[in-house]
Amino acid sequence: MKLLIVEDEQNLLNAISRYLKREGYLCEYAIDFPDAYKKIINHEYDCILLDLNLPKGDGMKLIRVLKEQESGAGIIVISARDTAADRVLGLNEGADDFLSKPFNLSELNARIKAVVRRKNGQISNVMHFGVLLIRLDERLVEANGVPLQLTKKEFDILVYLARNKNRVVTKDSIAEHLWGDYMDDTLSYDFIYAHVKNLRKKLADNGCEECLKTVYGIGYKFIAN
């Protein structure tokens, strides 16, 4: 899951990013309004953590930009501006949640998961496709009742494809989703090919050989039963 953390307080930004990386998220950062604006225009995120008091601009304007783009990202405001008027304004502008500073990092993690589940139309942390079961919170995949030993990237690719079931997902999209700002253009496609090859073998060895298809020259498709 890819996050954008928009926060100008460096110590808080570091604390949030360290914690969320340990929880398995891919984190990107912006410390002022222009940097955040550039990222949300050019990249896709599962969830955006947004401070309102930003250098060179107001975070509320970023919420409006996201809504104008019809972005699918969840938006959680994290702000010291915690009056009822600020909370109502943020939610009315289109934020999905509002968390006042200071806050507990485990609570932030829980809210991220809840917002992303709602955005993806999930009512639980479980995705079920025939004999394939994906438990998101546990990062566990079972095929015909057998747990699969997936790497972090294999799991992330499978979940990304499953969330886009029956749609062709390009290699560009997968690379940008998995590596974001850290993507190496010369290596990412080779890495994707290797990860998908290993993932497909593990699925096929446990009776799910038909769920992951290659669309030659474009990318991949997850076939949902």
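The values are calculated or read from the model by the stated rules, or taken from the named source; none is laboratory data. Bear in mind the structure is a predicted one, so any value in this text is a computation, not a measurement. Glycine gets a Cβ as well: all are built from the backbone with ideal geometry, and neighbour counts include every protein chain shown.
Listed here are the residues, each with its yes/no results for (1) more than 25 Å from Ile223 (Cα to Cα); (2) in contact with a strand residue (DSSP E or B) (Cβ under 8 Å, 6 or more places away or on another chain).
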residue	(1), (2)
Lys61	yes, no
Arg64	yes, no
Val77	yes, yes
Ser106	yes, no
Val115	yes, yes
Glu138	no, no
Leu148	no, yes
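Across the stretch 102-160, which residue is surrounded by the most Cβ atoms within 10 Å (Cβ to Cβ) among those that are small (Gly, Ala, Ser) and at positive phi? Step through it out loud before you land on a result.
Of the residues in the stretch 102-160, the ones small (Gly, Ala, Ser) are 106, 110, 114, 121, 124, 130, 143, 145.
Adding the requirement that they be at positive phi leaves 121, 130, 145.
Numbers: Gly121: 7, Gly130: 14, Gly145: 9.
Selected residue: Gly130.
Here is a yes/no grid of residues against (1) surrounded by 18 or more Cβ atoms within 10 Å (Cβ to Cβ); (2) modelled with pLDDT under 90; (3) under 29 Å from Val159 (Cα atoms):
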site	(1), (2), (3)
Glu9	no, no, no
Gly24	no, yes, yes
Ile76	yes, no, yes
Ser79	yes, yes, no
Asp86	no, yes, no
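Exactly one of these conditions fails for Leu89: (1) within 28 Å of Ala143 (Cβ to Cβ); (2) over 21 Å from the mean Cα position of the chain (by Cα); (3) not charged (D, E, K, R). Give me its number.
(1)
So which residues in the stretch 36-73 are of a type in the set (Asp, Glu), surrounded by fewer than 17 Cβ atoms within 10 Å (Cβ to Cβ) and either in contact (Cβ under 8 Å) with a residue 12 or more places away in the chain or over 17 Å from Gly94 (Cβ atoms) (or both)? Working first, answer last.
Taking the stretch 36-73 first, the residues of a type in the set (Asp, Glu) are 44, 46, 51, 58, 68, 70.
Then drop every residue that is not surrounded by fewer than 17 Cβ atoms within 10 Å (Cβ to Cβ), which leaves 44, 58, 68, 70.
Listed by number, the residues that qualify are Glu44, Asp58.
For the stretch 138-173, name all the residues that are in a helix (DSSP H, G or I) and modelled with pLDDT of 85 or more.
Keep residues of the stretch 138-173 that are in a helix (DSSP H, G or I), which gives 152-163, 171-173.
Answer for the stretch 138-173, where residues must be in a helix (DSSP H, G or I) and modelled with pLDDT of 85 or more: Lys152, Lys153, Glu154, Phe155, Asp156, Ile157, Leu158, Val159, Tyr160, Leu161, Ala162, Lys171.
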